[in-house]
Structures are given as structure tokens and as C-alpha cells.
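Everything below concerns the one structure shown next.
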Amino acid sequence: MTDPTRASSSLRHRGVTIVAGQGAGPVDRAADIVAGPASLRVAVGPDTHEAADSVHRLVLDRARAGDRIDVVATLEPGTPVRPTALLLGALLDSDLGRPSGESLLQHVVAVVSAVDLAELVLGGVDDRFLAAEHVIDLVEHATVVAVADTSAVPAADLRVLERLLARLAPETLVASTAALTHASLSGRGGAARLGGAAGWMQALSDHTPDHHHDGAITTFVYRDERPFHPGRLGLALERTFAPGTVGTVLRSRGFTQFATRSDRVGSWSSVGQMLSLDPTSAPSWHPDSPHGQQIAFFGLDLDVVTIRRDLDTCLLTDDELLGDPAGWRDFADPFPVWSEEGHRH
């Protein structure tokens, strides 16, 4: 007897779409637009595992019943988008994998406010990191970004945001919510690529130039195998990255290593004027872990020479590097002890 959950060649399998955003109202309106006449709507969240599992079970039930798989799942605001999408995609592919290799998770649609983007990324806000990180996370891990409130943002700022979104999410369709249609999701979806589609991930790949300027947004990747001296890094962050000193850093993301915390790989993430330095689960000694500094910067009129020079001064010197690593723990370290909450600078 054929297992109905393995009937992957059935034409009834259209796919699953996730719609996420900053507020329930805009998310529901976008879901209404992208849902087809036969789509089943379901709301899930905020727990990643529960959200992915509930959609997975719903799809399996429809497959067993022989129903068309055309599901639009709206995530409760605040639900982590990337881990939810990756987990759901893995569950669906495990039970309903298609011979073509195409994932049943077709699209992740992110609804973001142009007003919030302009305020958080361009406006110099320095005390709303969680909100900023959430909106950027939505952008960087979507196949379609629907931008709301575009008429409320000055045209010049909107052009900057459009160019920035194209760099942060190079494989993503970006459209205003007014231009969003069901046809926006036609064709084969790209949700299977979400694991490495973000612009900073692509910038850190070995096949990408370390410096690129397209006339509006500068992309610069800082790489070095040496750990940072956290005392010198703290001074450089206050001096070098003060507003206007080296241009305008709109976004930076990557991995870092402190000499005083040499057993852990750190996560570096900034949006506008807000920087977060958090621990990752990766041990620095593992051969597959990132080593030293790998940080992608995106900004306006970036002074790449100064950024590189000042970050170089934060690296361990030859004498420090050749000294006893046990002594590194005595270096000045102005950053709070790493915890699950990380450090906002």
C-alpha cells in the first residue's frame, strides 16, 4: 500500500507559504493577498518548534486525506522567522520530499514598515536593538519582502532603503505592499535557500570580493585570523564608529573572537547605531567554526581604509600572540560577561 505522505508527485502539492511581520494586522492583510482561492489559512507561534510542528502536522493530515496542499501560515509577531522556516522545511522535506528536490516550503513573505526601517536603520536610534534586529531578521530571511507605509518616508530615504534591502537580501523579491499580488509567489519558491541567502552570509563567502561599491551602498568584509584585544576594541568602537566618522554603517554582521574568551566564537551584529556582541554555540577550536574576525559591513560612503586600519589596531600584536594564551585572560575587557542576552554596545 502506498504511504500517502510519500505521494510527492501528486499535482495536489502546491506548497506552503509563511507570512511574518511586525504586526498582526499587516501580516493578515498580506496573507489575504498571497493566498489563493483554495488556500488553507492557519495562524501559529510564537514558539519555533510548536509553530513548525503544527504546520507540519496539518500538511501531513491534508496529504493523508488526499487534499490539495496549499497552506498559508501566518506567524505571530515575534516568532523567530529563520529557525521556524528552516525547521518546517526540514520536516516537510523529510516526509513529503519531491523527486525534483524542490522544497514543499515555497515562500517566506516578510511584511516590514518603511517608517520603522528608516527610523531604526537610518535615523540614528541607539536604544531599540531588539526591534531593529527583528525587522532586519525578517528582511534577511525571506523570499518576498513586502514594504508597507512607503508613502510616509521621504523619497531620498526610500531610495537608500531600496538599495540597502537589495544588498541585505540579494535573492529576495522586494515590493511595496500595494504592489504585492498572489502572482508574486508564482513559480518555484526559494525557501530552501534561506539557510545561506542573507547578504552578509554571501559576502563572507570565499567567492565574494572584500570590497564592493555600487554607487549607493558600500559592502566591505573585514577578515583576520587573529583574536581581538577587547580593551582596544572597546576604544575603537567608541572612536571609529561614532556617527559620521567613517561614513554611515547601516548594517554589519559576522563572527568575532576575543582573546579573553578564546574558547568561544562570538556573533557580531549591528543595525544603525546599535551593536550586539553575543556568544555563539560554536567552540573556537572546532575545525568547522569561523576563526578570528569575519565581519561584513554595509553602509553609505564608508571609509574602508580607516575601518580596516582601526580594527587592525585591535588585533593581538605579534608579541601578544606569541605569549602565553593563559595570560590573555588578564587583558582589559570592558564588555559584560556573555550570556544568552548578549551585549548591546
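The values are calculated or read from the model by the stated rules, or taken from the named source; none is laboratory data. Since we're looking at a predicted model, the values are computed, not measured. Here the Cβ is made from the backbone with ideal geometry for all residues, glycine too, and neighbour counts use every protein chain on show. Surface accessibility is based on the protein's heavy atoms, side chains included, excluding ligands, DNA and RNA. Shrake-Rupley method; radii C 1.70, N 1.55, O 1.52, S 1.80 Å.
How big is the chain by the Kirkwood estimate over distinct Cα pairs, in Å? The partial results should precede the final answer.
Values: mean 1/r = 0.0464 Å⁻¹.
One decimal place: 21.5 Å for the Kirkwood radius.
7 Å from Cα along Cα→Cβ at both Arg329 and Ser176: what's the point-to-point distance in nm?
5.8 nm
On a full-extension model of 0.36 nm per residue, what is the gain between Arg309 and Glu238, subtracting their alpha-carbon distance, rounded to one decimal in nm? Write out the running numbers ahead of the final one.
Working: separation 71, 0.36 × 71 = 25.56 nm, distance 1.50 nm.
Contour length minus the Cα-Cα distance gives 24.1 nm.
Using only helices, what value at 222 nm comes out for the chain when you add -39,500 (n - 2.57) per DSSP H run of length 4 or more and divide by the total residues, to the nearest 500 deg cm²/dmol? Intermediate values should be presented prior to the final figure.
Working: 10 runs with 104 residues, N = 345.
For the chain, the value works out to -9000 deg cm²/dmol.
Could you work out the per residue convex hull volume over the alpha carbons of region 56-142, in cubic angstrom?
Numbers: hull volume 9.0 nm³, N = 87.
For region 56-142, the hull spanned by Cα atoms encloses 103 Å³ per residue.
Working only with C-alpha atoms, what are the Rg and Dmax values of region 8-117, expressed in angstrom?
13.6, 44
Report Rg/Rh for region 229-345, rounded to two decimals, where Rg is the Cα radius of gyration and Rh the Kirkwood radius. Could you put the intermediate results ahead of the total?
Values: Rg = 14.1 Å, Rh = 14.8 Å.
Taking Rh as the inverse mean 1/r over Cα pairs, Rg/Rh reads 0.95.
So between Leu300 and Asp263, what do we pick up on full extension, going 0.36 nm a residue minus the alpha carbon distance?
9.9 nm
Leaving out ligands, DNA and RNA, and with a 1.4 Å probe, what % of the accessible surface on the chain is carbon or sulfur? Intermediate results must be reported in sequence, preceding the final value.
Values: 8100 of 15420 Å².
That share works out to 53 percent.
With viscosity set to 0.692 mPa s and temperature to 37 °C, compute the Stokes-Einstein D of region 131-236, Rh being the Kirkwood radius across alpha carbon pairs; µm²/s, no decimals. Could you put the intermediate results ahead of the total?
Details: Rh = 16.1 Å.
Answer from the Stokes-Einstein relation: 204 µm²/s.
Which angle between 0 and 90 degrees, to the nearest 10, do you get for helix 24-34 versus the longest principal axis of the chain when only C-alpha atoms count?
50 degrees
Between region 16-83 and region 302-340, what is the C-alpha centre distance in whole Å?
Cα centroid to Cα centroid, the span is 44 Å.
Quote the Stokes-Einstein diffusion coefficient, in whole µm² s⁻¹, for region 27-72, based on the Kirkwood radius over alpha carbon pairs, a temperature of 4 °C and a viscosity of 1.567 mPa s. Present the calculation step by step, with values, prior to reporting the outcome.
Working: Rh = 11.4 Å.
D = 114 µm²/s.
Determine the per residue accessible area of the chain with all protein chains present and a 1.4 angstrom probe, expressed in square angstrom.
Working: 15420 Å² over 345 residues.
Accessible area per residue: 45 Å².
Local charge sum around Asp47 (other residues, Cβ-Cβ under 10 Å, Lys/Arg +1, Asp/Glu -1)?
Numbers: positive: none; negative: Glu50, Asp53, Glu76.
Every neighbour counted, the sum reads -3.
Tell me which GluC sites (Glu not before Pro) from region 258-345 have a DSSP coil assignment and no more than 15 other beta carbons within 10 Å of their own.
Passing both the DSSP loop test and the Cβ count: Glu340, Glu341.
In the full protein assembly as shown, how much of Trp200 is accessible to a 1.4 Å probe, in Å² to the nearest 10?
Here the accessible area works out near 20 Å².
If you put +1 on each Lys and Arg Cβ and -1 on each Asp and Glu Cβ, how big is the dipole of the chain around its Cα centre, in Debye rounded to 20? Could the numbers behind the result be given before it?
Values: 29 positive and 45 negative charges, 237 e Å.
Taking the Cα centre of the chain as origin, the dipole is about 1140 debye.
Which GluC sites (Glu not before Pro) does region 102-186 hold that lie in a coil by DSSP with at most 15 other beta carbons within 10 Å?
Listed in order of number, the matching sites are Glu171.
Calculate the radius of gyration of the Cα atoms of region 52-199 to one decimal place, then report Dmax, the largest Cα-Cα distance, as a whole number, both in Å.
Final numbers for Rg and Dmax: 16.5, 53 Å.
Tell me which residues come under 5 Å, amide H to amide H, from Val111 once H is placed; ignore anything under 5 positions away on its chain.
Residues meeting the amide H criterion: Ala20, Gly21, Gln22, Ala146.
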